[in-house]
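Report on the following structure.
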Amino acid sequence: MRREVDKTKTPLISARNIKKYFNVKEGTLKAVDNISFDIYAGETFGLVGESGCGKSTTGRTITKLLEPTGGEMFFDGKDIFKVSQNELRQMRKDFQFIFQDPYASLDPRMTVEEIIAEPLEIYHMCKDSKEKQERVFELLRLVGLSEEHASRFPHEFSGGQRQRVGVARALAVKPKFIVCDEPISALDVSIQAQVINILIELQEKMNLTYLFIAHDLSMVKYISDRVGVMYLGNMMEVASSDELYANPLHPYTIALLSAIPIPDPKIQREKHRIILKGEVPSPIDPPDACPFADRCSKVQDICRQSKPEFIEVEKDHFVACHLVK
Ligand SMILES: Nc1ncnc2c1ncn2[C@@H]1O[C@H](COP(=O)(O)OP(=O)(O)O)[C@@H](O)[C@H]1O
Ligand SMILES: [Mg+2]
């Protein structure tokens, strides 16, 4: 059962018109082009879309690991694109990352204890080495590992255990917001649920807010309170998880959902799979048109003449499509 999030409160994250462009030799690559979304405290916002659509760039831009091209990013009411370097350094403690590939994100020459202790040292969170070690042990237990693991190196662990170390490291500084960038995509299916369950358990225990990035909708359904669907740098649809799966409005979302197998054979028979034709267009100097126009089965003239606005068509249900009113 998903938690009820109190939406009468101000969102913890309010991303407004976020843009991240890269200058490449062929022109301007619009990796993230004017997207907006809110994430409420204690909730998980799932961000999905095909590889290359701008999910990681979104995660890195809103935490200012990348310099934004435009937009406003309110964290707890404060625009982190505007604060001083000093203030940003302090705020950084509140947002942490869990990456897809625990092999690449953990330094192979460091012991697990050193890996988890590093952020504690950077932010001077412990008064002496004894307290630091205690804290590392506590974090290991929190993610289902034990003290004996502290002196080992990343290569001595399985993929799932390594991801647990990544989670412990992210939690060390007691963040409020965690960008989980495809944290289970590289893991065996049998291990994926374990890591997801740890993330959910920790979220409840520590009142964490997650941006959970995944490339397909089946992965985010279970963990997300609300979901955003991205395509070619644009946000196509945002709704609560239940609403999005029951009542998808954007033709792209409908196509993505049609590709997910449903365990009930009766439903599966009635459902027809929509195969997306064509290739994802280039994000370099895109035309002023719906980014999905070339692949949309419902495409009309207007879709090639202007880019649809992202509007709230039903309560808490946002869509960017000329054909949805
Ligand atoms: N540093 C960079 N320089 C140029 N282009 C980049 C850079 N980082 C990402 N991109 C491009 O931005 C787009 C979005 O990438 P990314 O955010 O990694 O997508 P996703 O995480 O959804 O797979 C892609 O076209 C990618 O090639
Ligand atoms: Mg990515």
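Once you have the Cα-Cα distance between Val189 and Glu138, take 0.36 nm times their residue separation minus that, and quote the gain in nm to one decimal.
Result: 15.6 nm gained on full extension.
First measure r as the distance between the Cβ atoms of Lys298 and Gln85, then evaluate 1/(1 + (r/R0)^6) with R0 = 51 Å and state the FRET efficiency to the nearest 0.05. Before the final figure, lay out the partial values.
Values: r = 48 Å, r/R0 = 0.93.
According to the calculation, E is roughly 0.60.
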Quick check on the chain: helices-only [θ] at 222 nm, where DSSP H runs of length 4 and up contribute -39,500 (n - 2.57) each and the sum goes over total residues. Nearest 500, please.
-9500 deg cm²/dmol
Shape of region 142-268 from its Cα gyration tensor (a ≥ b ≥ c, root eigenvalues): rounded if a/c is under 1.5, otherwise prolate when a/b > b/c, or oblate?
prolate
Here the net charge surrounding Cys321, from other residues whose Cβ is less than 12 Å away from its Cβ (Lys, Arg +1; Asp, Glu -1), is +1
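Per 0.36 nm of contour for each residue apart, how much would the distance between Val24 and Ile260 grow if the chain were fully extended, relative to their Cα-Cα spacing? Please report the intermediate quantities before stating the final value.
Details: separation 236, 0.36 × 236 = 84.96 nm, distance 3.52 nm.
That works out to 81.4 nm of additional length.
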Kindly flag which residue pairs out of Lys25/Lys78; Lys132/Lys205; Lys30/Lys315; Lys25/Lys55 have an alpha-carbon separation exceeding 24 Å in this structure.
Lys25/Lys78; Lys30/Lys315
Not counting ligands, DNA or RNA, and with a 1.4 Å probe, what is Ser14's accessible surface area in Å² rounded to the nearest 10?
20 Å²
Which residue fluctuates most in the GNM of the chain (Cα springs below 10 Å): Pro11, Pro102, Pro281?
Pro281
No Cys partner within the rule (Cβ under 4.7 Å), the chain
Cys53, Cys126, Cys180, Cys296, Cys321
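Can you pull out the chymotrypsin sites (Phe, Trp or Tyr not before Pro) in region 93-178 that DSSP calls coil and that have at most 10 other Cβ atoms within 10 Å? Can you show the working numbers first?
Working: sites: Phe95, Phe97, Phe99, Tyr103, Tyr123, Phe137, Phe157, Phe177; in loops: Phe99, Tyr123, Phe157.
In loop regions of region 93-178 (DSSP not H, G, I, E or B), there are no sparsely surrounded chymotrypsin sites (Phe, Trp or Tyr not before Pro).
Using the Kyte-Doolittle scale, find the helices of the chain whose mean hydropathy is at least 0.5 and whose Cα atoms extend 15 Å or more along the helix's long axis, counting only whole DSSP H runs.
Numbers: long enough: 112-122 (16 Å, 0.70); 129-142 (19 Å, -0.94); 159-171 (18 Å, -0.45); 189-206 (26 Å, 0.67).
Going by DSSP H runs, the hits are 112-122, 189-206.
Quick check: convex hull of the Cα atoms in region 13-319, volume per residue, rounded to a whole Å³? Walk me through the numbers on the way to the answer.
Numbers: hull volume 46.2 nm³, N = 307.
Considering the Cα atoms of region 13-319, their hull volume per residue is 151 Å³.
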Around Glu72, with a cut-off of 10 angstrom between Cβ atoms, what is the net charge of the other residues, counting Lys and Arg +1 and Asp and Glu -1?
+1
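For Asp38, Asp242, give the ranking by accessible area with the largest first, probe 1.4 Å. Don't skip to the end; give the middle numbers.
On the way: Asp38 35, Asp242 100 Å².
Descending order: Asp242, Asp38.
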Gyration tensor (alpha-carbon) shape descriptor, region 150-206, a/c threshold 1.5:
oblate
Neighbourhood charge, 10 Å Cβ-Cβ cut-off, centred on Phe95 and excluding it, Lys, Arg +1 and Asp, Glu -1
+3
Label model pair Glu50, Asp216: point-to-point distance (7 angstrom along the Cα→beta-carbon line) in nm is 1.4 nm
Plugging the Cβ-Cβ distance of Lys9 and Asp285 into 1/(1 + (r/R0)^6) at R0 = 35 Å yields, to the nearest 0.05, a FRET efficiency of 0.30
Are there trypsin sites (Lys or Arg not before Pro) in region 85-189 that DSSP puts in a loop and that have at most 11 other Cβ atoms within 10 Å, and which ones?
Arg109, Lys127
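The values are calculated or read from the model by the stated rules, or taken from the named source; none is laboratory data. This one's a predicted model, so the numbers in the text were calculated from it and none came from an experiment. Positions of Cβ are backbone-derived with ideal geometry, glycine not excepted, and every protein chain shown enters the neighbour counts. Remember, those area values only see protein heavy atoms, side chains included, never the ligands or the DNA or RNA. Shrake-Rupley method; radii C 1.70, N 1.55, O 1.52, S 1.80 Å.
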